[in-house]
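Right, one structure below, let's go through it.
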Amino acid sequence: MNFREIENIENQAASTETAVSSSFQLEMLADYLEKEKKKSGAKENPFVFFYEDVISSPLSFNFQTALGEANYKNASDDALSCLNTCTEFYKLSSWAVSGWLQNALKFTDNIVLHYIQDCCKEIPKSYPNAGVEKSRYIQLSEKEGDISTAGAELKDLYELRNKLEHRTITHSDGTQELISPKRNKVRQVVVKLYPDALMRILKTYKLKYPN
């Protein structure tokens with residue numbers, strides 16, 4: 001049974017007084033339809049769907065034009081990876097946050113690199129004890145205004161992601177131990193910082209590319 005057939009059944013059941021379907025079945029169908037609509041919207045334009053889902057408001061900005069086709073396509077692919085994990089940001093499971101965050105940072109990296117190289121006309125810098133990803137966020141944090149705060153927040157999220165990936169402690173006797181992360185706390189930090197970073201990036205781009 002495809003999506004359209006299920007939708008027809010729901011409409012018939014809702015409009016027929018002698019419908020066999022119970023209210024519980026209708027609720028299940030409605031829930032299924034809502035999830036399918038979300039999946040459909042995500043596949044049609046994952047960049048916009050993901051961005052709006054995270055910031056909980058309409059995007060009202062054409063990132064495709066601002067970023068260019070290549071950057072937009074790469075960011076859309078990373079957004080889709082996030083959406084394959086969770087289509088509703090605020091329902092993101094603490095058990096899934098690690099993989100989700102990795103792809104979410106890749107999504108923003110496409111925008112961060114564009115801002116540094118195309119908007120600021122700068123070459124990405126290198127910083128002591130910082131890899132290429134972290135260096136981008138530090139360089140961004142050295143700017144002024146909202147984009148500076150976004151850079152600092154992305155740096156914090158990057159360091160959080162590293163802690164999730166590297167959880168081995170080596171003791172003095174050479175034995176090793178894997179530390180279980182505090183997943184609920186990690187999720188709380190992500191839910192607080194990531195939407196704010198995207199909102200600040202959006203504000204910056206709206207000023208840079210006014211309609």
Checklist outcome for this item: Screening Glu142, Glu122, Glu133 for residues that are among the acidic types (Asp, Glu) and closer than 27 Å to Ile179 by Cβ leaves only Glu133
Checklist entry - Taking into account only those residues within the range 59-85 that are touching a helix residue (DSSP H, G or I) at 6+ places or on another chain (Cβ under 6 Å) and not in a helix (DSSP H, G or I), which is nearest to Met199 (Cα to Cα)? => result Leu59
Checklist entry - In the range 170-184, which residues are of a type outside the set (D, E, K, R) and within 30 Å of the chain's Cα centre (by Cα)? => result Leu178, Ile179, Ser180, Pro181, Asn184
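Matching residues to (1) surrounded by 16 or more Cβ atoms within 10 Å (Cβ to Cβ); (2) closer than 19 Å to Val48 by Cβ; (3) small (Gly, Ala, Ser):
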residue: Asp173; (1), (2), (3): no, no, no
residue: Leu178; (1), (2), (3): no, no, no
residue: Val186; (1), (2), (3): yes, no, no
residue: Leu193; (1), (2), (3): yes, no, no
residue: Leu202; (1), (2), (3): yes, yes, no
residue: Lys208; (1), (2), (3): no, yes, no
Next on the checklist: Just checking: which of the helices (runs of 4 or more DSSP H) contained wholly in the range 121-211 hold 2 or more residues that are in contact (Cβ under 8 Å) with a residue 60 or more places away in the chain, under 23 Å from Ser60 (Cβ atoms) and of a type in the set (Phe, Trp, Tyr)?
Outcome noted: 183-208
Next on the checklist: Can you tell me which condition Gly131 does not meet? The list is (1) of a type in the set (Gly, Ala, Ser); (2) more than 21 Å from Asp78 (Cα to Cα); (3) exposed (fewer than 12 other Cβ atoms within 10 Å of the Cβ), and all the others hold.
Outcome noted: (2)
Item to check | Criterion: of a type in the set (Lys, Arg) and under 19 Å from Pro195 (Cα atoms) - qualifying residue of Lys121, Lys125, Lys106 | outcome: Lys106
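Taken together, the values in this text are just the output of simple stated rules run on the coordinates, not laboratory data. Here the structure is a predicted model, which is why all the values come from computation and not from measurement. With ideal geometry, Cβ positions are generated from the backbone for all residues, glycine too; neighbour counts draw on all protein chains shown.
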